[in-house]
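S.K.: Dropping a structure here in structure tokens format, bear with me for questions.
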Amino acid sequence: MGGDLAAVLLTARLAATTTVLLLLLGTPLAWWLARTRSPLRPAVEAVTALPLVLPPTVLGFYLLVLLAPTGPVGSLWAALGGDRLVFSFPGLVVGSMIYSLPFVVQPLQNAFLAMGDAPLEAAATLGASPLDRFRTVVLPLARPGFFTAAVLSFAHTVGEFGVVLMIGGNIPGRTRVVSTAIYNHVEALDYPSAHLLAGGLLVFSFAVLLTVYAFSRRFEAPRL
């Protein structure tokens, strides 16, 4: 039971860390995708959306190759004085950020597109700088997108399995999350413990979707 609690706490920590970092990094990327006319936009959108179609084990395998001590990213990280990324919490964060990236970028991009240009143009005519326009106009109008992005990123990270298993292994107290703990219980034929964790994830997932849909309906245009 203590091991399951540690897995739950580690999962919550991983999901919270991933969500915060993705909101910081995903916001400028989503803003660029919503505003740019660059011919590179389709390619960037495709790369961003890859985790939606790639099997998690495929994504996890290539991340393992990249983040391993002999890989290009892992060796560079070690040269800069960092600990190894594979089979560690920082490695889980990197993998989770890539795995959940589209669940942050796409809601934010859609929210930015839905605003249109009129609010920004009105703020510009009043002398607002680009930063002021983003802070006082974009952020409030895109609040539903930020909420959806944060909730989906957190929930998606909580439920990941293939990526964390490939790059983090299943080390108790270090990289064992709820999904891998369920796998362990099933392998050991400990179905009551597996039911407890799996049922908790089921209830959590339903609550997340219910919250997102209920919140989104508040911002729907009234029907005539």
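S.K.: What about residue 105, is it crowded, with 23+ Cβ neighbours inside 10 Å and within 24 Å of residue 34 (Cβ to Cβ)? Spell out how you get there, then give the answer.
M.R.: Working: crowded, with 23+ Cβ neighbours inside 10 Å: yes; within 24 Å of residue 34 (Cβ to Cβ): yes.
When the stated conditions are applied, residue 105 passes them.
S.K.: Also, quick follow-up: Within the stretch 124-140, can you find the residues that are of a type in the set (A, V, I, L, M), within 25 Å of the chain's Cα centre (by Cα) and surrounded by fewer than 17 Cβ atoms within 10 Å (Cβ to Cβ)?
M.R.: If the condition is that a residue be of a type in the set (A, V, I, L, M), within 25 Å of the chain's Cα centre (by Cα) and surrounded by fewer than 17 Cβ atoms within 10 Å (Cβ to Cβ), then 139 is the only one that fits.
S.K.: Within the stretch 167-191, track down each residue that is more than 25 Å from residue 70 (Cβ to Cβ), hydroxyl-bearing (Ser, Thr, Tyr) and under 26 Å from the mean Cα position of the chain (by Cα).
M.R.: If the condition is that a residue be more than 25 Å from residue 70 (Cβ to Cβ), hydroxyl-bearing (Ser, Thr, Tyr) and under 26 Å from the mean Cα position of the chain (by Cα), then 179, 183 are the ones that fit.
S.K.: Of the numbered conditions (1) part of a loop (DSSP other than H, G, I, E, B); (2) farther than 20 Å from residue 5 by Cβ, residue 123 satisfies every one except a single condition; which is it?
M.R.: So residue 123 meets the others, but not (1).
S.K.: Follow-up question, since we're still on this one. Evaluate the stretch 172-181: report whether one residue or more is among the aliphatic types (A, V, I, L, M), under 30 Å from residue 110 (Cβ atoms), part of a helix (DSSP H, G or I) and in contact (Cβ under 8 Å) with a residue 60 or more places away in the chain. Spell out how you get there, then give the answer.
M.R.: Initially, the stretch 172-181 is screened for residues among the aliphatic types (A, V, I, L, M), giving 177-178, 181.
The next check asks that each one be under 30 Å from residue 110 (Cβ atoms); those that pass are 177-178.
Filter again for part of a helix (DSSP H, G or I), leaving 178.
Within this subset, residues satisfying the condition of being in contact (Cβ under 8 Å) with a residue 60 or more places away in the chain are 178.
Among the residues of the stretch 172-181, at least one is among the aliphatic types (A, V, I, L, M), under 30 Å from residue 110 (Cβ atoms), part of a helix (DSSP H, G or I) and in contact (Cβ under 8 Å) with a residue 60 or more places away in the chain, which makes the answer yes.
S.K.: What are the pairs with Cβ atoms under 6 angstrom where one residue, in the stretch 49-71, is outside any loop (DSSP other than H, G, I, E, B) and the other, located anywhere, is surrounded by 15 or more Cβ atoms within 10 Å (Cβ to Cβ) and of a type in the set (Ser, Thr, Tyr)? Sequence gap at least six, or different chains.
M.R.: Listed by first residue and then by second, the contacts come to 51/99.
S.K.: Now a separate question. Look through 153, 75 and report the one residue that is assigned to a helix (DSSP H, G or I), modelled with pLDDT of 85 or more and under 30 Å from residue 203 (Cβ atoms).
M.R.: 153
S.K.: List pairs: first in the stretch 12-24 and closer than 17 Å to residue 91 by Cβ, second among the aromatic types (Phe, Trp, Tyr), Cβ under 6 Å, 6+ apart or cross-chain?
M.R.: So the pair list comes out as 15/154.
S.K.: Out of the stretch 25-48, which residues are over 30 Å from residue 169 (Cα atoms), exposed (fewer than 15 other Cβ atoms within 10 Å of the Cβ) and touching a residue at least 60 places away in the same chain (Cβ under 8 Å)?
M.R.: Matches in the stretch 25-48: 35 only.
S.K.: May I pose another question? Based on this model, can you work out whether residue 9 counts as closer than 30 Å to residue 190 by Cα, exposed (fewer than 14 other Cβ atoms within 10 Å of the Cβ), over 17 Å from the mean Cα position of the chain (by Cα) and among the aliphatic types (A, V, I, L, M)?
M.R.: Details: closer than 30 Å to residue 190 by Cα: yes; exposed (fewer than 14 other Cβ atoms within 10 Å of the Cβ): yes; over 17 Å from the mean Cα position of the chain (by Cα): yes; among the aliphatic types (A, V, I, L, M): yes.
In short, yes.
The values are calculated or read from the model by the stated rules, or taken from the named source; none is laboratory data. Predicted model, so just to flag it, every value in this text is computed and none were measured. FYI the Cβ positions are ideal-geometry reconstructions off the backbone, even for glycines, and counts take in every protein chain you see.
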